[in-house]
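Have a look at the structure below before the remarks.
The values are calculated or read from the model by the stated rules, or taken from the named source; none is laboratory data. Keep in mind that this is a model prediction, so the values were computed, not measured. Counting neighbours? That spans all protein chains shown, and the Cβs are built from the backbone with ideal geometry, glycine included.
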Amino acid sequence: MNPFTEVNRRQFLGNVSTGLMGIGLQQLMAGNSLAATTGTHFPAKAKRVLQIFCPGAASHMDLWEHKPMLEKMHGQPLPGEENMVSFQGKNGPLMKSPWPFKPAGQSGKMISSMLPYMAQHVDDIAFFHGMHSKTNTHGPGCVFVNTGHATEGFPAAGAWISYGLGSMTDNLPTYVAIPDIRGEPPNGKANWSNGFLPAKHQAIVMAAHKPIRNLQAPDSVSAKEEKSTRDLLHFLNRNHASQRPAESELQARISSYELAARMQLSAPEVSDFNSEPKHVHQLYGTDSNNSLKSDYARNCILARRLLERGVRYVNLYCSSRASGVDGLLNWDAHKTLKADYERHCPIFDQPTAALLTDLKQRGMMEDTLILWTTEFGRMPTNQQGTVGRDHNPDGFTLWMMGAGVKGGTSYGATDEFGRRAEQNPTTIWEYYSTVLHLLGLDYEKLSWYHNGLDRRLTDVHGHVIRNVLA
C-alpha cells in the first residue's frame, strides 16, 4: 500500500507522529560529526582552515627558498646530473632566479622581490622547505596534496575535517571550494571530493564570478505558500529517507536542498561585496586594471566573508589547469618562467597578503589556520632549449600560519641548488598530521572504514611536526 494514496485518518496521524519524531532525530543528527559524538581528541588551537592552492607547481626557488649557489653557478651543469632527463625531457644548465631575493621581517627571511606584499607576513609563517611528492604529474599531484592519495576517489582534507569537526553554521556549507576565474585546477572536482565519506562532506563550489542562481522565489509564489510547500516537502523527504537509512547520497541530496533553502537568505548577504567599505576593496586590489587580479581579489574577500560567518574549511585557488600554452593559466612555467611569473605573482601577491592582513586585524588569525599549497616544485636547471623549468617532485615548499603555528620559522630545506629535499624531508602526510593536530584531531584516530581498511587522510604514514608549533 502506498501510504500517501491509500491512507485513513488513523494511519495519517500515525505517520505524522512518526515523521515528526524522525524530523526531530534528523535535526539532532544534522550537525553530527566525529567530534559531536566523541569530542576532539585534545584541545584545539584552530577551529577553521583556509587553504590557498596555486596549481601548476609554483617554483620554490623563485618564490620562497633562496639559493645563492644558483646565482654563483648560473649557466653551469648541475653537478652529478649533467645529462638529467626529467618530466618533459633533457635539462640544460643551472638557472638562477630572474629576480633578486630580499630579507623581510624581523626574522630576515629571504623572499623573492616579486612578492613585496607577502614579504610583510614572513614573521608569521612557518615554511616547510623539505617537501617532496610521489608524483610529477599535475593532476595526480594536485589530488595528492589535497587528499593524501595520488589517485582519485579519496576524501579531500576539507571533507575529512567536515567529518571530524562538523559544521559551525546552519545557513552556509561546512566546506567551500572557490575556483579561480580561469577555471578549475588539474583533475577538477576530485580536489574537493568527499571520496568514500558521506556525500554531505564534499565541498560546495562558490566564487565571486559565479553568482548562485535561482535564489529568489517567483513573484507569483507568496511567502506563506512557499513555506507550506517546504514544510510538506520536508515531511515527505524525511519519511522517504527514514525507509532508506543506508543511502548517504539520498541524505546528502536532501540536506543540500535544505541548505539551499536556508542559503536563499544567507548567500546573497555573504557575496554582497558592495557592503565592504572602499578601503577594504583598495586593500585587496579589486580596483585593479588587471581583471584577473581584481577577480582573484574578490574571491579573497569572499573567502574571508565565508570564514567569518562560520564556514569550517575554505579552498581558495589562484590559477587553474594547464592550457595549450605552458604557464598561461597556471604556474607551470616550462618555457618562459620570467614572463609567466611576472604575470602570476601580481595576481597572487597583493590580494593574498590583504586576506592575511584582514584576518589578522579582525582577530580571526587566533583561531584560523592558513595553508599555502602547490603540487610540487620546479627544477633548478632550465628545460633544454627554453628559459623555463621542468617539474620537480623531489623538493619544494609549502607553508602554514595562524592558530597554533610558530611564525618566522623554516623547517627542512632542499640541497644547495634546490634539487632535492635534504634536511628534514617532509611529505604531505606529515604536513596534514600537523594540520589535524592543530585542529584537535589525532591523525591516527580520524579514520573511516572502507573496503576492509580504516582509511585516513595521512594514509598509513605521518607524524606531527612539532618544530612549527607555537
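For the reader, a short list of remarks on this structure follows.
- Within the range 292-334, considering residues that are touching a residue at least 40 places away in the same chain (Cβ under 8 Å) and of a type in the set (Ser, Thr, Tyr), the one nearest to Val176 (Cα to Cα): Tyr313
Matching residues to (1) under 32 Å from the mean Cα position of the chain (by Cα); (2) not assigned by TED's automatic domain parsing to the domain that holds Ile370; (3) not in a loop (DSSP other than H, G, I, E, B):
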| site | (1), (2), (3) |
| --- | --- |
| Glu71 | no, no, yes |
| Pro79 | no, no, no |
| Asn83 | no, no, no |
| Gly92 | no, no, yes |
| Lys102 | yes, no, yes |
| Ser107 | yes, no, no |
| Leu115 | yes, no, no |
| Ala126 | yes, no, yes |
| Thr135 | yes, no, no |
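- Qualifying residue in the range 306-313 (condition: within 18 Å of Met400 (Cα to Cα), at pLDDT 95 or above and of a type outside the set (Ser, Thr, Tyr)): yes
- When residues of the range 365-388 are limited to those that are among the hydrophobic types (A, V, I, L, M, F, W, C) and not in a strand (DSSP E or B), the one farthest from Tyr317 (Cα to Cα): Met379
- From the options Leu359, Leu457, residue that is under 18 Å from the mean Cα position of the chain (by Cα) and crowded, with 24+ Cβ neighbours inside 10 Å: Leu457
- From Leu197, Leu165, residue being surrounded by 18 or more Cβ atoms within 10 Å (Cβ to Cβ) and under 17 Å from the mean Cα position of the chain (by Cα): Leu165
- Test: residue in the range 439-446 that is in contact (Cβ under 8 Å) with a residue 12 or more places away in the chain, in the same structural domain as Val145 (by TED's automatic domain parsing) and not in a loop (DSSP other than H, G, I, E, B): no
- Residues in the range 407-430 that are of a type in the set (Phe, Trp, Tyr) and over 24 Å from the mean Cα position of the chain (by Cα): Phe417 only.
- Annotation: Leu165 fulfils all but one of (1) over 26 Å from Asp454 (Cα atoms); (2) assigned by TED's automatic domain parsing to the domain that holds Gly56; (3) not aromatic (Phe, Trp, Tyr); the unmet one is (1).
- The range 104-126, residues that are among the hydroxyl-bearing types (Ser, Thr, Tyr) and touching a helix residue (DSSP H, G or I) at 6+ places or on another chain (Cβ under 6 Å): Ser107, Ser112, Tyr117
- Checked against (1) in contact with a His (Cβ under 7 Å, 6 or more places away or on another chain); (2) at pLDDT below 90; (3) of a type outside the set (Ser, Thr, Tyr), Ala57 passes all but condition (2).
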